[in-house]
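What follows is one structure encoded as structure tokens, with my remarks underneath.
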Amino acid sequence: MARCIFHIDLDAFFVSVEQVFAPELKGKPVIVGGDPERRGVVASASYEARPFGIHAGMPLSRAHRLCPQAIFIQANILRYKDASTKFMRILADFSPSIEPLGLDEAYLDVTGCEEPYGSPQKLALAIKERIHKELNLTASVGIATCKVVAKIASALCKPAGSLEITPGEERNFLNPLPVAKLPGVGEKTEQALREMGVSTIGELAALPLEVVKKHFGKFGIVIHSHANGIDDRRVEAPGEPKSISQQVTFAKDTLEQHFLEVNLKRLCQEVGERLRRQDKRATCVTIRLRYADFGTITRQTTLRQASNTNQVIYTTALQLLNEALAEKRKPLRLIGVKVSNLAGKEKQLRMFDPKREKAESLDKAVDQIRRKYGPSAIKTGKGKVT
Ligand code: TTP
Ligand code: MG
């Protein structure tokens, strides 16, 4: 069965929230971004300001020159966060499958949810009405069988619109659009495509995959399938973190081995503790080093067996640090440790290992003591890490 995906985006979000607080600003060219006398850029422009050529990211001084009569307002981020929370709560009433993207947009998988309303369009209308009634804001809704088409559709029906691309119509809809409408295609990619004779999404879709892959690698595979209206990405609720990391910037650049080891050990204890608190184990350990000249490198390794013990994380991170220092012996200003490729305990029951279980239990007991009495309540000997 075809999926039914909504992409919902609030119109001129920051400006519209300000207009709720000051209704006399409605219908006028309004720009949120701050004082035009000072440095800064446009964050949001009302639809009345846009015909003057004003858009997000433009220096405020230029916006002021293009539209001197515009009203400039400084951003009130707390107001926007509050409106965003309420917006997401409304969406959650219409489908359990919601993926927020930033403050003012979200994907919703409404497959099956539209039935009581009669059609996807009617469901979109019901959502827009609630947003308008409760928040006094307008939204635009793109409706399609996949994320990328829904997102492009919502951008095309702004403000306060809705646009449905019915199953099977994806390619006809996409073909004539400029290639820059594809999410992820910025100026550089657009220029490179133009040099290949491609200016529309349809022209990109018609290129052999091999050609696009040769020019753009993995990213090429993604934009080529999106150009063909193919996008299998699921609507995913923001889940648990995919990695845990911690870093420290030193007061003074250093190469002092003992100092680096002490700091690395502390970082490993902290990420280890967070892993254990979530009952997770990691199979990938990464270190990040920033040198005095701000050059930054990362080094990572995969563990033979997933772990969350301080001993394993630290010995692995220390080995990576020593290897990196052997390659480049320059003072460091920052070190960081990241564990990733996380798995829950349930996935690993079959690999029961009494030695490892003992090390984990010991670390957990130490975590409890440290939480109660502070980080230095337990000190360990050289070579030992808990
Ligand atoms: P957008 O949804 O991109 O823009 P918008 O809601 O102002 O206008 P549109 O009707 O075209 O959707 O971004 C949402 C908010 O994020 C926007 O109101 C302000 C903020 N923002 C910035 O602070 N800087 C930026 O460069 C952009 C693009 C947005
Ligand atoms: Mg918006």
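The values are calculated or read from the model by the stated rules, or taken from the named source; none is laboratory data. Quick caveat: nothing in here was measured; it's all calculated off a predicted structure. Reconstructed Cβ throughout: ideal geometry from the backbone, glycine too, with neighbour counts over all protein chains shown.
Being charged (D, E, K, R) and touching a Gly at 6+ places or on another chain (Cβ under 8 Å): is that true of GLU48 here? Yes: the conditions hold for GLU48. Taking segment 112-182 as the region of interest, the helices (runs of 4 or more DSSP H) fully inside it that hold 3 or more residues being among the aliphatic types (A, V, I, L, M) and under 11 Å from HIS7 (Cβ atoms) are 147-156. The single condition among (1) over 25 Å from the mean Cα position of the chain (by Cα); (2) surrounded by 17 or more Cβ atoms within 10 Å (Cβ to Cβ); (3) closer than 30 Å to VAL339 by Cα that VAL271 does not satisfy is (1). Among all positions in segment 57-65, there is at least one residue which is within 27 Å of the chain's Cα centre (by Cα), within 11 Å of ligand 1 (Cβ to nearest atom), of a type in the set (Gly, Ala, Ser) and at positive phi.
Of the residues making up segment 99-111, those that are part of a loop (DSSP other than H, G, I, E, B), within 16 Å of ligand 1 (Cβ to nearest atom) and either farther than 12 Å from MET88 by Cβ or within 13 Å of the chain's Cα centre (by Cα) (or both) are GLY102, LEU103.
Residues that are part of a helix (DSSP H, G or I) and surrounded by 14 or more Cβ atoms within 10 Å (Cβ to Cβ) within segment 33-60 comprise ARG50, PHE52, LEU60, listed in sequence order.
Taking every residue in segment 3-25 that is among the polar types (S, T, N, Q) and pairing it with any residue that is within 9 Å of ligand 2 (Cβ to nearest atom), at least 6 positions away or on another chain, the pairs with Cβ-Cβ distances below 8 Å are SER16/LEU10. Only residues that are within 16 Å of ligand 2 (Cβ to nearest atom) and either without any contact (Cβ under 8 Å) to a residue 60 or more places away in the chain or β-branched (Val, Ile, Thr) (or both) were counted in segment 105-123, giving 0. From the list GLN278, GLN305, the lone residue that is assigned by TED's automatic domain parsing to the domain that holds THR249, at pLDDT below 95 and touching a Ser or Thr at 6+ places or on another chain (Cβ under 8 Å) is GLN305. Taking the criterion of being within 16 Å of ligand 2 (Cβ to nearest atom) and either of a type in the set (D, E, K, R) or within 22 Å of ALA45 (Cβ to Cβ) (or both), the residues of segment 68-98 that qualify are ALA75, ILE77, ARG79, TYR80, LYS81, ALA83, SER84, LYS86, PHE87. Out of the residues in segment 85-98 meeting the condition of being outside any strand (DSSP E or B) and in contact with a helix residue (DSSP H, G or I) (Cβ under 8 Å, 6 or more places away or on another chain), tell me which one is nearest to ligand 1 (Cβ to nearest atom). The extreme case among them is PHE87.
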